[in-house]
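Here the structure comes first, spelled out in structure tokens, and everything after it is commentary.
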Amino acid sequence: MLGAVAATPSLTPRRPSRRAAAVTLATGLLATLALAPSSVPAGVGPLVAVAANLTTAAEAIARAFEADTGIAPRLSFGSSGNLARLVMRGAPYELFLSADEDFPRRLQAAGHTLDEGVRYATGALALYLPPGSPVAPPPVSGDSGAAITTALTHPGLRRLAMANPEHAPYGRAARETLEHLKLWRALENRLVLGENVAQSARFALTGDVQAALLPLALALAPELSGGRHVDVPGHWHAPLHQRMVLLKGAGAAARRFHDYMLGPVARAILARHGYGLPPARD
Amino acid sequence: MDFDALALSLRLAACTALVLLPVGIATARLLAWSRFRGRGLLEAALTVPLVLPPTVLGYYLLSGFDAAAPPARLWHALTGGSLSFSFAGLLLASVIANLPFAVLPMQRAFEGIARNVREAAWCSGLSAWRTLLAIELPLAWPGVLSAMVLTFAHTMGEFGVVLMVGGNIPEETRTLSIAIYDRTQAFDDRAAGIMSAVLLGFSFAVVWSVYLLDARTRGRHG
């Protein structure tokens, strides 16, 4: 019987074989990787949930903050609705920069915040026309409303990108704008909905989208500079007041970044990205 | 290049493969050699993550990770931590998603061991442990190694489940694939491009090594 075992060719070597060595080596490598200390050092930067309209502005502010304090905030971008839902589920964020005031208030009502938060900026919506878009109106001065209506009713408009109005405040404003123009029904089946505004901005650059309703801050981003944008009149939608709120568990670094957001450096960066500002605090 | 994300992905992949090594061997042997009621059901249940949309798995894991749900309460009672947004939760999700990648290659390998070889081992008075270590594993090693390599690689590339239960938190749940998505949305195409190239090269090397492994085995056994 043992002969059967010995006759199997791959069983013959009794010494530690190459294959045993391979398996041992692989297991050892895995164990080393698995047990390697996590790369998170003590006292890392605050964990900040950031509405996607701030993608470019918040990264600039975080860089300035790091240059001033040596602390690098860790930013997670998403739609305000999704970020708020993550906080509700217990995500360990310390500060939430929302694209509206409603989600911070809901978090406060649910007991996830330290206080009622503070307004740090007021956003604006823009109609972005990617390079080569057939619906781009001739440059007009003055009446941006007429230019927008012209573009949105142009027969060449087959795809219009915007953020999902269900959980992105700028998507909500885009929907209100289309409803204000009585175009929502006509355009509803031509919409490409991004999960958040940054994704909508990506969609706008695919070449298959002729127009996009985006935050002015993203329309001004260098990556989108090949196209044109027209400001959407502010009274076509509810104002885009943006509030931030410190969350339960916020550390000292998160509080510093919170205060920095209201300071002159951050305000200058926000203004440069097209945001309106609340009155300066002392 | 987000090195924290790379380190996190490597750690998650290694932990997943290590957890699934004993689990996979035990399950694969059971499925390869035992006939019992519900065997087909068990096989189907283990394979289903292969065809399930990650969102379905993500949805059920999210429900299970909810702080009020029994699995999350049990975990909290044992460790004091939470499953949502934590490495532990990500590892659990990853283990479940990778079950078929670990079990199926091992099962094929154990099925390939002739019954008379095992019978010979028993007749020689080898204990079950000795049989496993001295007879079965040396014969099944290419399948076991393939399973670990595939599990490792698949975890490196997992996206949907991680996105749903992890939530893109730097250094905790932002794996390399999530970091690529994150950078793409931030218009940081350079970083996304570098990380994508790393994952592409890595995945190709892995699949290639599995083929090499397979070819060597075939060359030797038949």
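Which residues, taken from the stretch B:53-88, are under 19 Å from residue B:13 (Cα atoms) and within 11 Å of chain A (Cβ to nearest Cβ)? Spell out how you get there, then give the answer.
Going through the stretch B:53-88, the residues under 19 Å from residue B:13 (Cα atoms) turn out to be B:54, B:57-58, B:61, B:83-88.
B:83, B:84, B:85, B:86, B:87 - these are the residues of the stretch B:53-88 that are under 19 Å from residue B:13 (Cα atoms) and within 11 Å of chain A (Cβ to nearest Cβ).
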Q) How about the stretch A:165-189: which of its residues are charged (D, E, K, R) and surrounded by fewer than 16 Cβ atoms within 10 Å (Cβ to Cβ)? A) A:166, A:179, A:182, A:185, A:188
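Of the residues A:136, A:99, which single one is closer than 23 Å to residue A:171 by Cβ, part of a loop (DSSP other than H, G, I, E, B) and touching a helix residue (DSSP H, G or I) at 6+ places or on another chain (Cβ under 6 Å)?
The unique qualifying residue is A:99.
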Q) Which of (1) of a type outside the set (Ser, Thr, Tyr); (2) over 28 Å from residue B:84 (Cα atoms); (3) within 14 Å of chain B (Cβ to nearest Cβ) is the odd one out, the single condition residue A:160 does not satisfy? A) (3)
Q. For residue B:200, which of the numbered conditions (1) surrounded by fewer than 19 Cβ atoms within 10 Å (Cβ to Cβ); (2) modelled with pLDDT under 90 fails to hold?
A. (2)
**Q.** Every residue from the stretch B:19-60 that is surrounded by 20 or more Cβ atoms within 10 Å (Cβ to Cβ) and closer than 30 Å to residue A:44 by Cα
**A.** B:58
**Q.** Unique match (being surrounded by fewer than 14 Cβ atoms within 10 Å (Cβ to Cβ) and at pLDDT 90 or above) among B:190, B:218
**A.** B:190
(Q) Of everything in the stretch A:236-245, what is surrounded by 22 or more Cβ atoms within 10 Å (Cβ to Cβ) and aliphatic (A, V, I, L, M)? Give them in sequence order. (A) A:240, A:244, A:245
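Residues to consider are B:9, B:84; find the one that is under 22 Å from the mean Cα position of the chain (by Cα), among the small types (Gly, Ala, Ser) and modelled with pLDDT under 90. Talk me through it step by step, then tell me what you get.
Values: B:9 fails: modelled with pLDDT under 90.
Exactly one of B:9, B:84 is under 22 Å from the mean Cα position of the chain (by Cα), among the small types (Gly, Ala, Ser) and modelled with pLDDT under 90, namely B:84.
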Q: May I ask you to verify whether residue B:78 is more than 29 Å from residue B:199 (Cβ to Cβ) and assigned to a helix (DSSP H, G or I)?
A: yes
(Q) Please count how many residues of the stretch B:174-198 are facing chain A (nearest Cβ under 9 Å) and under 15 Å from residue B:161 (Cα atoms). (A) 1
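Give the number of residues within the stretch A:194-216 that are under 15 Å from the mean Cα position of the chain (by Cα) and within 12 Å of chain B (Cβ to nearest Cβ). I'd like the intermediate steps shown before the answer.
Let us first name the residues in the stretch A:194-216 that are under 15 Å from the mean Cα position of the chain (by Cα), namely A:194-203, A:214-216.
Within this subset, residues satisfying the condition of being within 12 Å of chain B (Cβ to nearest Cβ) are A:194-203.
Of the residues in the stretch A:194-216, 10 are under 15 Å from the mean Cα position of the chain (by Cα) and within 12 Å of chain B (Cβ to nearest Cβ).
Condition check: part of a helix (DSSP H, G or I), at the interface with chain A (Cβ under 10 Å from one of its Cβ atoms) and β-branched (Val, Ile, Thr). Does residue B:135 satisfy that?
Working: part of a helix (DSSP H, G or I): yes; at the interface with chain A (Cβ under 10 Å from one of its Cβ atoms): yes; β-branched (Val, Ile, Thr): yes.
Judged against the criteria, residue B:135 is a match.
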**Q.** Tally, over the stretch A:256-282, of residues that are without any contact (Cβ under 8 Å) to a residue 12 or more places away in the chain and either of a type in the set (S, T, N, Q) or within 21 Å of residue A:94 (Cβ to Cβ) (or both)
**A.** 2
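Just checking, does the stretch B:65-73 include any residue being in a loop (DSSP other than H, G, I, E, B), touching a residue at least 60 places away in the same chain (Cβ under 8 Å) and surrounded by fewer than 13 Cβ atoms within 10 Å (Cβ to Cβ)? Give the derivation first.
If we filter the stretch B:65-73 for residues that are in a loop (DSSP other than H, G, I, E, B), which is where we start, we get B:66-69.
Those still in the list that are touching a residue at least 60 places away in the same chain (Cβ under 8 Å) too: none.
No; the residues of the stretch B:65-73 include none that is in a loop (DSSP other than H, G, I, E, B), touching a residue at least 60 places away in the same chain (Cβ under 8 Å) and surrounded by fewer than 13 Cβ atoms within 10 Å (Cβ to Cβ).
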Q) Within the set of pairs 6 or more residues apart or between chains, which connect a residue that is farther than 22 Å from residue A:28 by Cα and within 14 Å of chain A (Cβ to nearest Cβ) inside the stretch B:12-37 to a residue that is charged (D, E, K, R) and in a helix (DSSP H, G or I) with Cβ atoms less than 7 Å apart? A) none
Q) Can you name the condition, by its number, that residue A:87 falls short on among (1) in a helix (DSSP H, G or I); (2) modelled with pLDDT of 95 or more; (3) crowded, with 17+ Cβ neighbours inside 10 Å? A) (2)
Q: Working only within the stretch A:73-104, note down all residues that are polar (S, T, N, Q) and either touching a strand residue (DSSP E or B) at 6+ places or on another chain (Cβ under 6 Å) or within 8 Å of another protein chain (Cβ to nearest Cβ) (or both).
A: A:76, A:80, A:98
Q | Residue check for residue B:3: surrounded by fewer than 17 Cβ atoms within 10 Å (Cβ to Cβ), within 11 Å of chain A (Cβ to nearest Cβ) and without any contact (Cβ under 8 Å) to a residue 24 or more places away in the chain | A | yes
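Looking at A:198, A:280, can you tell me which residue is modelled with pLDDT under 95, surrounded by fewer than 21 Cβ atoms within 10 Å (Cβ to Cβ) and of a type in the set (A, V, I, L, M, F, W, C)? Write out each step before concluding.
Details: A:198 fails: surrounded by fewer than 21 Cβ atoms within 10 Å (Cβ to Cβ).
Exactly one residue qualifies, and that residue is A:280.
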Q: Kindly establish whether residue B:46 is more than 14 Å from chain A (Cβ to nearest Cβ), closer than 27 Å to residue A:33 by Cβ and aliphatic (A, V, I, L, M).
A: yes
Q: Look at residue B:148 and say whether it is among the hydrophobic types (A, V, I, L, M, F, W, C) and at pLDDT 90 or above.
A: yes
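Can you pull out the residues in the stretch B:152-173 that are in a loop (DSSP other than H, G, I, E, B) and more than 13 Å from chain A (Cβ to nearest Cβ)? Walk me through it before giving the result.
As a first pass, look at the stretch B:152-173 and keep what is in a loop (DSSP other than H, G, I, E, B): B:158-159, B:167-173.
Answer for the stretch B:152-173, where residues must be in a loop (DSSP other than H, G, I, E, B) and more than 13 Å from chain A (Cβ to nearest Cβ): B:158, B:159.
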Q) Quick check: is even one residue across the stretch B:207-217 in contact with an Asp or Glu (Cβ under 9 Å, 6 or more places away or on another chain) and of a type in the set (S, T, N, Q)? A) no
(Q) Take the residues in the stretch A:65-83 that are touching a residue at least 40 places away in the same chain (Cβ under 8 Å) and closer than 14 Å to residue A:168 by Cβ; name whichever of them is surrounded by the fewest Cβ atoms within 10 Å (Cβ to Cβ). (A) A:82
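The values are calculated or read from the model by the stated rules, or taken from the named source; none is laboratory data. Note that the structure is predicted; figures quoted are calculated from it, not measured. Positions of Cβ are generated from backbone atoms using ideal geometry, with glycine treated the same way; all protein chains shown enter the neighbour counts.
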